[in-house]
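One structure below.
The values are calculated or read from the model by the stated rules, or taken from the named source; none is laboratory data. Please read these numbers as outputs of a predicted model, since none were measured by experiment. Cβ sites come from the backbone with ideal geometry, for glycine too, and all protein chains shown count toward neighbours.
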Amino acid sequence: MNIKKICCIGAGYVGGPTMAVIAQKCPLINVTVVDINTDRIAAWNSNDLSKLPVYEPDLDSIIKEARGRNLFFSTEVDNAIDAADMIFISVNTPTKTYGKGKGLAADLKYIELCARQIARVSRQDKIVVEKSTLPVRTASAIKSILDNTGNGVQFQILSNPEFLAEGTAVKDLLEPDRVLIGGDSTKEGKGAIQSLVDIYANWVPKDRILTTNVWSSELSKLTANAFLAQRVSSINAMSVICEKTGADINEVSKAIGMDSRIGPKFLESSVGFGGSCFQKDILNLVYIAKSYGLNEVADYWEQVILMNDYQKNRFSDNIVSTLYNTVSGKKITFLGWAFKKDTNDTRESAAIQVADNLLNERAYIEVYDPKVTEERIYADLEHLNSRNPEENRELLKIRQNPYQASENSHAIAVLTEWDEFKTFDWQKIYDNMKKPAFIFDGRGILDTKTLEKIGFICYQIGSGTKA
Ligand code: NAD
Ligand code: UDX
């Protein structure tokens, strides 16, 4: 099928940037991104490009180029589905918070709602593409809904998981390591796969477009995230040993990363991984393994999450014990709240857990993050239900600059690796802090030698040089 019109359901961190790049690279295809969240759509349509709902380097210029030409953001879901030859489903698939599989399984209610809506609205044959991350074999559920509740039109289901990472979404989309497309091996299935291959082939080299069966494609996405998260937990596990023994995690990472079988990427020790994907997808994998009675497999992957929880908790424990076993009434400055640099996303950010632990110890926190909004930070804390919203607002304040946030502070905790933190006037920060002035660098980005010369007492994750 020669695709002329695409609809994408879900204008989030994946749907927005992914469709913007498809629209930019395929000017002859009309791309409409729809969402039920009217505020989000309004923000995507904002004339002020700094108000886009997703912050990603270089995304604004792509939106500027394509929006209104062949890229549209709309709340009129039915119309966009009806008009499209190809529909991407890019809605959220969070961890279930109720019923069977609570706390582990992916909640597929939004996916099912999309499938039912597509079935109800469609009047001609369509290709439906799973862009969301889904448990293996979800395509059969989607197909069953489409075939049994539709108007007799033919649907082909493809799996096309997204591998972009936030903060580098545009680069990842423009130059992907690979594009993965899973589909049926029937004649119609192969035709649908080819239609999607043709779209990506506008800018992705053919040898990077991989086609598989649907189940392999679905499972590859969960597998990739599990492997990546496992690397972070593995290096974080070694960071503790470094701190106890006098080894240095950066030196260890470099030494092992030069082994071409291991490779240098994703070996940065941190206060713990965050983001909307790693934890959710591993929990989902654990659930799938358990549902097949594969308890050893489930336990193996669950350990990646347990290690991550340990890393976050030991970071806050260390702050408390270093500050003479009490932080009650003490001011602690958080540099960063986002789960990584160059994004305004805070989902599952380690900062949230660390803040909660310190607030439980009655610390007073002031946060500076260059991109995360005040409402977002309070919403993250409220979501925990650890204390009432008024208490959260009393015990934690958000500041617009690091100097204000660190005034009279007992300690600074670096939670996100924003580049600008390296360029601060650290002497000025030191002068205005309570003494002794402590820094807890949970990202290993600061030059501790220079900071120690100024007078700071420094703790850096995985650095055992003082042991
Ligand atoms: P998101 O929460 O940012 O966006 C999802 C959007 O879908 C929301 O705006 C929501 O309002 C909308 N939506 C939900 N149900 C809808 C419906 N019935 N009709 C119309 N709109 C609806 O989520 P995201 O981060 O973009 O993730 C989407 C999917 O992609 C998830 O499955 C996720 O696991 C996967 N994924 C995410 C990333 C990432 O970096 N965030 C990367 C790869 C894959
Ligand atoms: C991840 C996957 O990388 C991406 O392929 C998938 O599509 C979505 O999930 P994302 O969560 O956006 O992407 O960011 P990523 O760069 O993977 O970082 C995840 C977390 O791990 C962040 O909190 C990051 O700070 C942390 N991390 C990453 C480390 O602590 N150390 C590292 O070496 C790498």
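Consider ALA169 carefully, then state whether it is buried (at least 19 other Cβ atoms within 10 Å of the Cβ) and more than 12 Å from ligand 1 (Cβ to nearest atom).
No, not satisfied.
Give VAL354, VAL320 a once-over and let me know the one that is within 16 Å of ligand 2 (Cβ to nearest atom), in a helix (DSSP H, G or I) and either in contact (Cβ under 8 Å) with a residue 40 or more places away in the chain or more than 15 Å from VAL414 (Cβ to Cβ) (or both). Working first, answer last.
Details: VAL320 fails: within 16 Å of ligand 2 (Cβ to nearest atom).
After ruling out the rest, the residue left standing is VAL354.
Of the residues that make up region 97-111, is at least one within 16 Å of ligand 2 (Cβ to nearest atom), within 17 Å of ALA169 (Cα to Cα) and not assigned by TED's automatic domain parsing to the domain that holds PHE278?
Filtering region 97-111 for residues within 16 Å of ligand 2 (Cβ to nearest atom) gives 106.
When the remaining residues are screened for being within 17 Å of ALA169 (Cα to Cα), the result is none.
Checked region 97-111: no residue is within 16 Å of ligand 2 (Cβ to nearest atom), within 17 Å of ALA169 (Cα to Cα) and not assigned by TED's automatic domain parsing to the domain that holds PHE278.
If I filter region 262-279 for residues that are assigned to a helix (DSSP H, G or I), of a type outside the set (Asp, Glu) and buried (at least 22 other Cβ atoms within 10 Å of the Cβ), do I get at least one hit?
Yes, some residue in region 262-279 is assigned to a helix (DSSP H, G or I), of a type outside the set (Asp, Glu) and buried (at least 22 other Cβ atoms within 10 Å of the Cβ).
Only one residue in SER269, SER233 is among the polar types (S, T, N, Q), within 22 Å of THR133 (Cα to Cα) and more than 16 Å from ligand 1 (Cβ to nearest atom), so which one is that?
Only one candidate passes the filter, namely SER233.
Exactly one condition in (1) out of contact with any strand residue (DSSP E or B) (no Cβ under 8 Å at 6 or more places or on another chain); (2) at negative phi is not met by GLY272; state its number.
Every listed condition holds for GLY272 apart from (2).
Taking the condition out of contact with any Gly (no Cβ under 6 Å at 6 or more places or on another chain) and surrounded by fewer than 17 Cβ atoms within 10 Å (Cβ to Cβ), does GLN400 pass?
yes
Please go through region 137-171 and give me each residue that is under 20 Å from LEU108 (Cα atoms) and among the hydrophobic types (A, V, I, L, M, F, W, C), ordered by number. Can you show your working first?
So in region 137-171, the residues under 20 Å from LEU108 (Cα atoms) come out as 137-150, 155-163.
Selection gives ALA139, ALA141, ILE142, ILE145, LEU146, PHE155, ILE157, LEU158, PHE163.
Is it the case that VAL33 is crowded, with 17+ Cβ neighbours inside 10 Å, within 15 Å of ligand 1 (Cβ to nearest atom) and more than 19 Å from the chain's Cα centre (by Cα)?
yes
Residue-by-condition table, conditions (1) farther than 27 Å from ASP78 by Cα; (2) in a strand (DSSP E or B); (3) within 25 Å of the chain's Cα centre (by Cα); (4) more than 16 Å from ligand 2 (Cβ to nearest atom):
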residue: ALA141; (1), (2), (3), (4): no, no, no, yes
residue: ASN148; (1), (2), (3), (4): no, no, no, yes
residue: GLY152; (1), (2), (3), (4): no, no, no, yes
residue: LEU158; (1), (2), (3), (4): no, yes, yes, yes
residue: LEU164; (1), (2), (3), (4): yes, no, yes, no
residue: GLY167; (1), (2), (3), (4): yes, no, yes, no
residue: ASP177; (1), (2), (3), (4): yes, no, yes, no
residue: SER185; (1), (2), (3), (4): yes, no, no, yes
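Identify, from the list ILE199, ILE282, ILE181, ILE288, the residue that is in the same structural domain as LEU28 (by TED's automatic domain parsing), within 16 Å of ligand 1 (Cβ to nearest atom) and of a type in the set (A, V, I, L, M, F, W, C). Step through it out loud before you land on a result.
On the way: ILE199 fails: within 16 Å of ligand 1 (Cβ to nearest atom); ILE282 fails: in the same structural domain as LEU28 (by TED's automatic domain parsing); ILE288 fails: in the same structural domain as LEU28 (by TED's automatic domain parsing).
Within the list ILE199, ILE282, ILE181, ILE288, the selection yields ILE181.
Is it true that SER270 is under 30 Å from PRO27 (Cβ atoms), modelled with pLDDT of 95 or more and within 15 Å of ligand 2 (Cβ to nearest atom)?
Criteria not met by SER270.
Can you name every residue in region 319-358 that is surrounded by fewer than 23 Cβ atoms within 10 Å (Cβ to Cβ), over 25 Å from the mean Cα position of the chain (by Cα) and of a type in the set (A, V, I, L, M, F, W, C)?
Hits for region 319-358 are VAL320, LEU323.
Counting only residues that are closer than 23 Å to GLY246 by Cα, give me the helices (runs of 4 or more DSSP H) lying completely in region 401-467 with at least 3 of them.
448-454
For region 112-139, give me each residue that is over 23 Å from the mean Cα position of the chain (by Cα), over 21 Å from THR212 (Cα atoms) and outside any loop (DSSP other than H, G, I, E, B).
Across region 112-139, the qualifying residues are LEU113, ALA115, ARG116, GLN117, ILE118, ALA119, ARG120, VAL121.
Got at least one residue in region 380-390 being surrounded by 15 or more Cβ atoms within 10 Å (Cβ to Cβ), in contact with a helix residue (DSSP H, G or I) (Cβ under 9 Å, 6 or more places away or on another chain) and within 27 Å of LYS435 (Cα to Cα)?
no
Look at region 187-222 and say how many of its residues are in a loop (DSSP other than H, G, I, E, B) and among the β-branched types (Val, Ile, Thr).
Of the residues in region 187-222, 1 are in a loop (DSSP other than H, G, I, E, B) and among the β-branched types (Val, Ile, Thr).
Within the group VAL204, VAL170, which residue is outside the structural domain of ILE288 (by TED's automatic domain parsing), hydrophobic (A, V, I, L, M, F, W, C) and either over 21 Å from LYS5 (Cα atoms) or touching a Lys or Arg at 6+ places or on another chain (Cβ under 7 Å) (or both)?
VAL170
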